[in-house]
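Okay, structure first, notes after.
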Amino acid sequence: MTPDETYRWLVGDVQSFPVHVLASTLALALAEAEAEHRPVNETAGYDGAPKMLLQWFPHAVKKLSGGGALVRDEDELCLVDLLLRGANTGSEMERLLAGMIARRAQRPNHLWQDLGLRNRGELSKLMDDYFAPLARRNTSDMKWKKFFSRLICRDASYTLCTAPSCGECSDYDNCFNEESGESLLAHLRKSAEHAA
Ligand code: SF4
């Protein structure tokens, strides 16, 4: 199955934003797990097989189970912590998402792309729906990964910023420019169609 087909298989007839988000990330993570010969929980960013995932996707229990506890490096743990401190209620869904977002943020593309989402707007909605206290702090609409890094740097009392304010900084474009690009699920679908 291509990641796009996996997404449709996971979602089935369900029309719900949380299911769309989880299925998008899982479809990408399943493809990477297969290509990299790793358990899917490592590429997706969850420990074991969370009850909530199995409830949303009962038909995919076998595919989503099997991994053990994750090892996360310090940067990733800081991001999990930041997300949880800025979560709406600390619900099971928010804890699951925090772990998945932190793991996917270690990949090289825009965060919305590495979550398998269709555009940046979906990531912003995800942040508003589950991490509103944190999302509200992104008042300048910084790129999400940059925004997280900046807060983590501040929390740790050191900073990667090379200027006292963003307006005077030569890295401005790097932090604030558009987060545009193609969805990775669409990109992989087109690659599979070309290869066929
Ligand atoms: S624009 Fe410069 S000062 Fe502002 S967050 Fe980015 S690196 Fe830091």
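Details
- Overall Cα dimensions of the stretch 85-126, principal axis frame, Å, largest first: 28, 20, 14
- Annotation: extensible slack from SER91 through ASP128 equals 11.9 nm (criterion: 0.36 nm per residue apart, minus Cα-Cα distance).
- Sites ASN109 and GLU34 - FRET efficiency at Förster radius 25 Å, r taken between beta-carbons, to 0.05: 0.85
- Contour excess over end-to-end distance, with Cα ends at LYS62 and ARG8 and 0.36 nm allotted per residue: 17.7 nm
- Projecting label points 7 angstrom from Cα along Cα→Cβ for ASP75 and ALA186 puts them 2.8 nm apart.
- Were the residues from GLU193 through SER140 laid out at 0.36 nm apart, the gain over their Cα-Cα distance would be 15.2 nm.
- Here the stretch 3-195 yields Rg over Rh of 0.97, to two decimals, using C-alpha coordinates and the Kirkwood radius.
- Projected label points at GLN55 and PHE17, each 7 Å from Cα along the beta carbon direction, are separated by 1.9 nanometres.
FYI, it's all coordinate maths here, none of it is from the lab. Predicted model, so just to flag it, every value in this text is computed and none were measured. Glycine also receives a Cβ, built like all others from the backbone with ideal geometry; neighbour counts cover every protein chain displayed.
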